[in-house]
1. May I ask you to list the residues in the range 271-292 that are assigned to a strand (DSSP E or B) and without any contact (Cβ under 8 Å) to a residue 40 or more places away in the chain?
2. When you look at ASN144, is it of a type outside the set (Gly, Ala, Ser), assigned by TED's automatic domain parsing to the domain that holds ASN71, more than 23 Å from the chain's Cα centre (by Cα) and outside any strand (DSSP E or B), yes or no?
3. Among the numbered criteria (1) assigned to a strand (DSSP E or B); (2) loosely packed, with under 12 Cβ neighbours inside 10 Å, which single criterion is violated by ASN252?
4. Restricting attention to strands (runs of 3 or more DSSP E) lying wholly within the range 175-237, give those where 3 or more residues are more than 30 Å from CYS259 (Cα to Cα) and at pLDDT 75 or above.
5. Looking for whichever is in the same structural domain as LYS197 (by TED's automatic domain parsing) and within 30 Å of the chain's Cα centre (by Cα) here; the options are ASP275, ASP310. Which one fits?
6. Looking at the range 300-355 only, could you name the residues that are part of a strand (DSSP E or B), in contact with a Ser or Thr (Cβ under 8 Å, 6 or more places away or on another chain), of a type in the set (A, V, I, L, M, F, W, C) and surrounded by fewer than 19 Cβ atoms within 10 Å (Cβ to Cβ)?
7. For GLY195, indicate whether it is surrounded by 14 or more Cβ atoms within 10 Å (Cβ to Cβ) and under 30 Å from LEU349 (Cβ atoms).
Amino acid sequence: MKRSVKFLIFLAVLVVVVAAYFIVTKLVERADRLASAGKNEDAEIVLFDDSDTLSKVIWTFAGETHSFTVNAGTWIFAENLSYPFDKTAIDAMADAVKKIKSSRTLENVTDLEQYGLGDGACELSLKSKSGTLNLRIGNINETNKKCYVLIEGDPKVYMVSEALRNAFAKTPLQMVQIEEITKPEEVYGFRIDVGSKSICVESVAVNSAISADGKADMKWVRKVDGRGGSIEEDISADKVAVMQKALENFINNIVWFECTDVDLREKEYSDYGLDSPTCVVEFFYRETANVSSGEFNEDGSAIMETVVYDMSKTFTIGSLEDVYYYATSNDTNRCYLVEQYIVQPILGLETYLFETSEPQE
């Protein structure tokens, strides 16, 4: 065979070998990229996307396990159909499970405790037509606002939106719609009970004269039960100032902080110190309303008249828990927490108002 032909054959083989090497190299690189993509910590993975057929939600937090039945998008708390949930809490739950997706995956995790995924972690079970997905919800990463999630049967730890933990790391009591306290405007008196002591203070007219603005000249007096009946004792100006400051602080700032019992019964009063309260505060106030007089104008419209109602509101303050008092009122059957700073000035009035007078004949 001629040398030139052998050379051409050699070149052809060389080209084939080089081409094969190039192709194999590219295939290996592609395979490496695919394998790397499968382990990419920042790859997005959908963990749950079946909210349309969601039928049951079970969650465990702080040792309590509760559940919702979901029917056509309506969440039903079968344990108590009339439970006073805050609607925003239910909406937050529903939004959090519409689509659960992971933005990052952690592999080879050996210490679940550091992610809040150990024993006692918040647990969530979602039942849909696709089956049941059981999750354990851990801590929130404050840097990226993601929470750690562990799926039953999967060793990986996923990072999902913090909305999932914010929605389910609560007990039903922490999702209660907090009642609003109506602020009385025209308070003319109050009663305070502290232990066995009780005092009633009211604002009364100094005399029958009415000032130019149509208001009577008023003063605060202490009501004392004497042998001859109830008598009035004047309160000095310095005590009135302290008293008014404490009352304004109480009336203007008292709000229910957190609900501790949605169906308070008398037998449960001792659980919150309400059977032997720290104090009882009753406010006396007036409300005006326009009501029909029962008479009509010539055009048939009702003639209205203004009516003044004497009203009262009673707050029972129970025992102190950390920086909160347990409390309830006469217009709710729930027990709430109120902040300590609201109650303390009222208790301080004992020094100014519980100065006993000798019963009078």
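The values are calculated or read from the model by the stated rules, or taken from the named source; none is laboratory data. Note that the structure is predicted; figures quoted are calculated from it, not measured. Cβ sites come from the backbone with ideal geometry, for glycine too, and all protein chains shown count toward neighbours.
1. First pass over the range 271-292, keeping only residues assigned to a strand (DSSP E or B): 279-292.
Of everything in the range 271-292, those that are assigned to a strand (DSSP E or B) and without any contact (Cβ under 8 Å) to a residue 40 or more places away in the chain turn out to be THR288, ALA289, ASN290, VAL291, SER292.
2. Numbers: of a type outside the set (Gly, Ala, Ser): yes; assigned by TED's automatic domain parsing to the domain that holds ASN71: yes; more than 23 Å from the chain's Cα centre (by Cα): yes; outside any strand (DSSP E or B): yes.
Considered against the rule, which asks whether it is of a type outside the set (Gly, Ala, Ser), assigned by TED's automatic domain parsing to the domain that holds ASN71, more than 23 Å from the chain's Cα centre (by Cα) and outside any strand (DSSP E or B), ASN144 comes out as yes.
3. (1)
4. It comes to 197-210.
5. Working: ASP310 fails: within 30 Å of the chain's Cα centre (by Cα).
Result: ASP275 is the single residue among ASP275, ASP310 that is in the same structural domain as LYS197 (by TED's automatic domain parsing) and within 30 Å of the chain's Cα centre (by Cα).
6. If we filter the range 300-355 for residues that are part of a strand (DSSP E or B), which is where we start, we get 302-321, 324-329, 335-339.
Checking the rest, the ones that are also in contact with a Ser or Thr (Cβ under 8 Å, 6 or more places away or on another chain) come to 302-309, 313-320, 325-329, 335-337.
Still in the list and also of a type in the set (A, V, I, L, M, F, W, C): 302-304, 307-308, 315, 317, 320, 327, 335, 337.
Result: ALA302, ILE303, MET304, VAL307, VAL308, LEU320.
7. On the way: surrounded by 14 or more Cβ atoms within 10 Å (Cβ to Cβ): no; under 30 Å from LEU349 (Cβ atoms): yes.
For GLY195, the condition - surrounded by 14 or more Cβ atoms within 10 Å (Cβ to Cβ) and under 30 Å from LEU349 (Cβ atoms) - is not met.
Residue by residue, here is whether (1) of a type outside the set (Gly, Ala, Ser); (2) closer than 24 Å to GLU64 by Cβ holds:
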residue: ASP95; (1), (2): yes, yes
residue: SER102; (1), (2): no, no
residue: ASP111; (1), (2): yes, no
residue: LYS127; (1), (2): yes, yes
residue: LEU135; (1), (2): yes, yes
